[in-house]
Amino acid sequence: NAGVTQTPKFQVLKTGQSMTLQCAQDMNHEYMSWYRQDPGMGLRLIHYSVGAGITDQGEVPNGYNVSRSTTEDFPLRLLSAAPSQTSVYFCASSYGATNEKLFFGSGTQLSVL
Amino acid sequence: SQELEQSPQSLIVQEGKNLTINCTSSKTLYGLYWYKQKYGEGLIFLMMLQKGGEEKSHEKITAKLDEKKQQSSLHITASQPSHAGTYLCGADPGNTPLVFGKGTRLSVIA
């Protein structure tokens with residue numbers, strides 16, 4: 001049972017480049033979310049999805065796009081990377097949106113130069 | 001929006017000592033979650049508290065929820081090097097995704 005799988009684990013981008021952070025879960029969870037973690041800022045919600053075809057913005061959505069075409073996958077896209085997006089990104093999933101334990105991936109460490 | 005404040009921000013304790021981490025919410029707590037994060041890794045679920053006065057334990061870690069104070073505490077008894085890491089509390093605002101505190105970094109020295 002793989003749980004929540006994130007790829008890549010590390011990535012270095014130049015300003016203006018685009019990339020997609022991948023997230024997949026094999027637990028048939030309806031709810032998936034992306035957080036970023038920065039020193040002194042804690043975990044902040046970027047986007048989330050309560051099911052296939054449904055996405056919504058979190059606290060810090062600017063500069064990021066998401067889509068949810070399947071229950072298993074929830075990719076996070078950076079269309080034009082900026083140094084302010086240097087961070088550690090975590091994908092999480094749960095059975096439901098509220099009152100449910102979140103399962104986290106191991107994270108993607110992204111540096112934008 | 002709901003905010004969670006954790007105290008202390010960091011903690012260094014000698015192996016074998018007890019310690020407490022607090023998490024205070026700006027709004028009513030419908031559910032409070034405790035996670036642990038080791039350096040460079042993802043978050044691992046520890047415990048979930050849902051009712052005022054609820055107390056849960058796992059090995060040497062005990063968490064309590066004080067609904068009236070909108071606060072939760074995490075207590076570690078006889079700390080060990082394996083307890084080192086960052087502890088984060090997360091709250092269920094009621095109908096939106098979990099919000100998290102900024103974390104408490106725990107170091108355990110021999």
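Values as computed for the structure displayed
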{"item": "Carbon/sulfur fraction of accessible area - chain B, other protein chains in place, 1.4 Å, %", "result": "46"}
{"item": "Drop in accessible area of at least 10 Å² in the complex versus isolated chain, residues of the stretch A:28-46, 1.4 Å probe", "result": "A:31, A:35, A:37, A:40, A:41, A:42, A:43, A:45"}
{"item": "Choice from A:40, A:58, A:96 showing the highest fluctuation, given a GNM over chain A with Cα pairs closer than 10 Å", "result": "A:40"}
{"item": "Approximate spin-label separation residue A:22-residue B:41, in nm, with each point projected 7 Å along Cα-to-Cβ", "result": "2.4"}
{"item": "Gap separating the Cα centres of the stretch B:27-63 and the stretch A:37-68, nearest whole Å", "result": "22"}
{"item": "Fraction of antiparallel bridges per DSSP, the protein assembly as shown only, in percent to nearest 5", "result": "90"}
{"item": "Förster radius 22 Å - calculated FRET efficiency between residue B:7 and residue B:68, Cβ distance, rounded to 0.05", "result": "0.75"}
{"item": "List A:44, A:36, B:105, A:77, ordered by accessible area with a 1.4 Å probe, largest first", "result": "B:105, A:77, A:44, A:36"}
{"item": "Pairs beyond 25 Å (Cα-Cα), from A:101/B:51; A:101/B:17; A:9/B:38; A:9/B:27; A:101/B:69", "result": "A:101/B:17; A:9/B:27"}
{"item": "Accessible area buried at the B-A interface, both sides summed, 1.4 Å probe (Å², nearest 100)", "result": "1500"}
{"item": "Net charge, residue A:49 excluded, C-beta distance under 15 Å - Lys, Arg +1, Asp, Glu -1", "result": "-3"}
{"item": "Dipole magnitude of chain A, debye to nearest 20 (Cβ charges: Lys/Arg +1, Asp/Glu -1, about Cα centre)", "result": "360"}
{"item": "Cβ-placed point charges (K, R +1; D, E -1), dipole of the stretch B:1-107 about Cα centre in debye, nearest 20", "result": "100"}
{"item": "Counting DSSP beta bridges with both ends in chain A, the antiparallel % (nearest 5)", "result": "90"}
{"item": "Accessible solvent surface per residue of chain A, calculated while the other protein chains remain in place, 1.4 angstrom probe, Å²", "result": "46"}
{"item": "Selection from A:79, A:57, A:22 lying farthest towards where the dipole of the stretch A:12-83 points positive, charges on Cβ", "result": "A:79"}
{"item": "Heavy-atom accessible surface of chain A: percent carbon and sulfur, 1.4 Å", "result": "50"}
{"item": "Antiparallel %, DSSP beta bridges [both residues in chain B], to 5", "result": "90"}
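The values are calculated or read from the model by the stated rules, or taken from the named source; none is laboratory data. All values derive from a computational prediction rather than experimental measurement. When we count neighbours, we look across all protein chains shown, and the Cβ atoms used for this are built from the backbone with ideal geometry, even at glycine. Surface areas here come from the heavy atoms of the whole protein model, side chains and all, with no ligands, DNA or RNA. Shrake-Rupley method; radii C 1.70, N 1.55, O 1.52, S 1.80 Å.
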